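Working notes, structure below.
Derivation of every value follows stated rules applied to the coordinates shown; laboratory data play no part. All values reported here derive from a predicted model rather than from experimental measurement. Cβ atoms come from the backbone with ideal geometry, glycine included; neighbour counts cover every protein chain shown.
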Amino acid sequence: MNFIEKSITRFGIAAALAALAALPVQAQIQSHNKELVVESPNRLPEQAQAGGNSLFLHSDDAGSTFLYVEQLDGKRLVVFDVTDPARIKAVSTQSLEDRGAFDFVRPLDGRAELVRFRQGGTVGVLDLRKSKMPTLRMVNALINPGQSQALGESGYLGIDEPYNYVRAVPRDYQVVDISVPSEPALLTTVKAVKHHVTNNDTGTTFLLGSDGLTVIRRMSVEEDYKTHQMQMQGN
């Protein structure tokens, strides 16, 4: 390679690096007093950047908390470790048999979650004994299961009646900063949210919208929870 070719190559590499450096970086969204922090889908693991229909939280006996998200109209189940809201991780992605979109209905005995499919109303149980790798098992019971009534957390009553699914209406959610009362400010708008859930221990709210998963963190609650956990471990 002669001097001119080397110079052109070096110039090309330098130009490419400069172009990468010039790419915009998504700034963290936070309130004026830094109490609220909004993590948009593009700041989370790649699996969080897909829309979904339903989600729920589950804490295991080891002190870990997981978020389960149904995606792709029931074809995929993603599990996120949300124990530490500052370090959310995708721990498993499972392809499911195509039975259509489904909803998480209620916990069963703390080790499973009742699932209902929107088409036909059939039900299943998500076995959570292996929290990171849950197993979906179908319940072959009533031909046309309708509404269900809980029997504690160990079972349920299934009523043989037509089941009519009431579709969740997607709505835009606005995150508003009022830490400076004289200057309230709109931090962001999360589009077409179908479901949301909050972990009261850490104060973390999870919104499932058209762009994927958005996480709203409350920093003081997180710090209080960490302090409490450290005190518990010390005892």
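Points worth noting:
- Neighbour counts of C-beta atoms inside 10 Å place Arg87, Arg99 in the sequence Arg87, Arg99, starting with the fewest.
- Low-density loop positions, GluC sites (Glu not before Pro), region 26-115 - DSSP coil, at most 13 other Cβ in 10 Å: Glu97
- Cα centroid separation, region 28-92 to region 178-222 (Å): 12
- Fully extended contour minus Cα-Cα distance, from Met138 to Lys89, at 0.36 nm per residue: 14.8 nm
- Model label zone, Leu151; criterion: amide N under 18 Å from point 7 Å along Cα-to-beta-carbon; scope region 112-129: 112-115, 123-126
- Each label point was placed 7 Å from the Cα along the Cα-to-Cβ direction; for Gln49 and Lys226 their separation is 2.7 nm.
- Burial ordering of Lys132, Lys194, Lys75, fewest other beta-carbon atoms within 10 Å first: Lys132, Lys75, Lys194
- Charged side chains reduced to their Cβ positions (Lys and Arg at +1, Asp and Glu at -1) give region 29-234 a dipole of some 380 debye around its Cα centre.
- Relative contact order %, region 29-234, counting alpha carbon pairs below 8 Å whose residues are six or more apart: 20
- Once the Cα-Cα distance is subtracted from the 0.36 nm per residue extended length, the Asn200 to Glu35 segment shows a gain of 57.8 nm.
- Exposure proxy shown here: for Arg111, Arg218, the number of other Cβ atoms within 10 Å sets the order, fewest to most, as Arg111, Arg218.
- Sequence-distant residues sharing a close amide H with Ala150 (under 5 Å, placed H): Leu157
- Taken about its Cα centre, region 27-147 carries a charge dipole of about 120 debye when Lys and Arg each add +1 at the Cβ and Asp and Glu each add -1 at the Cβ.
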